[in-house]
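Data block below; observations after.
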């Protein structure tokens with residue numbers, strides 16, 4: 001399977017978003033909440049992509065996979 005330039009650009013942007021999230025959520029790791037941070041980060045990324053789709057005109061409700069979140 002060949003990766004297109006558009007897919008590479010998408011992956012780069014999502015990667016930059018995740019690096020930014022790491023910085024924002026880093027203080028929570030200091031208090032032993034690293035496991036929660038990892039699962040929450042995946043859901044935040046999913047919500048960001050859902051928001052992108054909504055802004056492009058796809059009218060779907062936001063969805064959070066609560067099974068992924070660890071409380």
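Some values worked out for this structure:
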{"quantity": "Theoretical FRET efficiency, 1/(1+(r/R0)^6), r = Cβ-Cβ of residue 62 and residue 6, R0 25 Å, to 0.05", "calculated": "0.50"}
{"quantity": "Theoretical gain in end-to-end length, residue 50 to residue 14 [0.36 nm per residue, Cα-Cα removed]", "calculated": "11.7 nm"}
{"quantity": "Kirkwood-based Rg to Rh ratio, the chain, C-alpha trace", "calculated": "1.04"}
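Every read-out reported here was derived from the displayed coordinates using simple, explicitly stated rules and does not represent laboratory data. Nothing here was measured: the structure is a model prediction, and the numbers come from that model. No Cβ is skipped: glycine too gets one built from the backbone with ideal geometry, and neighbour counts run over all protein chains shown.
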